[in-house]
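The next block holds one structure in the form of structure tokens; read it before the comments.
No value in this document is a laboratory result; all are computed from the given coordinates. Keep in mind that this is a model prediction, so the values were computed, not measured. As a convention, Cβ positions derive from the backbone with ideal geometry for all residues, glycine included, and neighbour counts pool all protein chains shown.
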Amino acid sequence: MKIRVLGCNGGSLPGYFPVSFFMNDHLILDAGSITSYLSLKDQHKIREILITHGHLDHIKDLCFLADNLFLAGSYRTISIYSSEAILLDIKKNILNGIVWPDMTKSSFQQPPVYSLRSIKKTLSLDRLSVEAIPVTHSHAALGYILSDKKGAVVFSGDTGATDELWKKVNDTKNVKAIFLECSFPSSLSDIAWKTRHLSPSSVIRELQKIKNTKIPIYLYHLKPVYFGKIQSEIKKLGNSRLHILKSGSTLNF
Ligand SMILES: [Zn+2]
Ligand SMILES: [Zn+2]
């Protein structure tokens, strides 16, 4: 599985980009940084988009991607997958004809740019199998486990302390990597808890729920304003499993 990290922060500042991963050159996970990072040629390669939840740092580029493809003229309708509740959030609040045109409908004799498709639990996309698991955030949110012949990769999405995801991870063979959110420094663990996010100290508590203690952990969704502070707290932990993910990197599993 090839994963290009287009953006991996929980906010936006120069050098820090909201969350988007580009998998195997056809699948996007979260739409925070598609058009600000991918060339128009690569934007045309996108066939499917998985959305973890409806917060703006995970969906904003759905608007600009639709605009780019629509104006370029020739495109294939892209399937956006998430839970029914999350798709409704997007349709009602963003692609509603007010904040942005409703790109799920055909217009000017062109086909819809997007088709919204709810996932019940699992889904097959090309050579990938996708499992959606509810996580614990301030609003409806999902984590995903993506698997192929070589193994599985886990994305927590935005979450506070959670259980169901880790139960699934413990039941999944050959987990190659876990991408885990870590939004706030431990010194702000109160805000992290109230907004259903993690900090380095709660990351350590979450890791205790995972049986395999060798899986590498890629921390992401660090709030740009606290990036330096979170980074130094993670260094102090001295845990060799923990890596801080960087925008622009490509990982192969
Ligand atoms: Zn977020
Ligand atoms: Zn969120």
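Points worth noting:
- Protection proxy ranking, peptides 228-237, 118-127, 4-13, 132-141, average beta carbon neighbours within 10 Å, highest first: 4-13, 132-141, 228-237, 118-127
- In order along region 38-43, the phi-based Karplus estimate (6.51 cos²θ - 1.76 cosθ + 1.60, θ = phi - 60°) of 3J(HN,Hα) comes to 8, 5, 4, 4, 5, 4 Hz; Gly and Pro are listed as x.
- Available extension along the chain between His139 and Glu164 is 7.4 nm, counting 0.36 nm per residue and deducting the alpha carbon span.
- Extension gain (nm, one decimal) between Thr172 and Ser118, 0.36 nm per residue minus Cα-Cα: 17.1 nm
- Database remark: amide H of Ala141 closer than 5 angstrom to the amide H of Val135 (H placed geometrically; neighbours at sequence offset of 5 or more, or on other chains; Pro and chain starts carry no H).
- Working from label points 7 Å from Cα in the Cα-to-Cβ sense, the Ser107 to Lys91 distance is 1.7 nm.
- Residues considered: Pro112, Pro216, Pro14. Largest GNM mean-square fluctuation over the chain, using C-alpha springs under 10 Å, is found at Pro14.
- Taking a point 7 Å from the Cα of Ser240 along the Cα-to-Cβ direction, the residues of region 153-186 with backbone N closer than 18 Å to it are 177-178.
- Under Stokes-Einstein, with the Kirkwood radius over Cα pairs as Rh, the value for the chain at 10 °C and 1.306 mPa s is 87 µm²/s.
- Each residue of region 175-180 is assigned a 3J(HN,Hα), and the resulting list reads 6, 8, 6, 10, 9, 10 Hz, derived from the Karplus form 6.51 cos²θ - 1.76 cosθ + 1.60 (θ = phi - 60°), x at Gly and Pro.
- As a rough guide to protection, the peptides 54-65, 241-252 ranked by mean Cβ packing within 10 Å, highest first, stand as 54-65, 241-252.
- Close amide H pairs (under 5 Å, H built 1.01 Å from N) link Leu50 with Ile28, Leu29, Asp30, Tyr81, residues at least 5 positions away or on another chain.
- Contour excess over end-to-end distance, with Cα ends at Ile204 and Gln231 and 0.36 nm allotted per residue: 8.3 nm
- Derived scalar couplings ³J(HN,Hα) [region 23-34; Karplus, 6.51 cos²θ - 1.76 cosθ + 1.60; whole Hz; x for Gly, Pro]: 9, 6, 6, 9, 10, 9, 10, 6, 10, x, 9, 8
- Largest mean-square fluctuation among Val153, Val99, Val19, in a Gaussian network model of the chain whose springs join Cα atoms under 10 Å apart, belongs to Val99.
- 5 angstrom amide H check on Leu6, placed H, neighbours 5+ away: Ser20, Phe21, Phe22, Gly248
- Alpha-carbon centroids, region 137-178 and region 71-131: separation in whole Å: 23
- The chain - mean residue ellipticity at 222 nm from DSSP helices (-39,500 (n - 2.57) per run, n ≥ 4, rounded to 500): -6500 deg cm²/dmol
- Share, in percent, of DSSP beta bridges within the chain that are antiparallel, nearest 5: 55
- Within region 1-141, percent of DSSP bridges classed antiparallel, to nearest 5: 55
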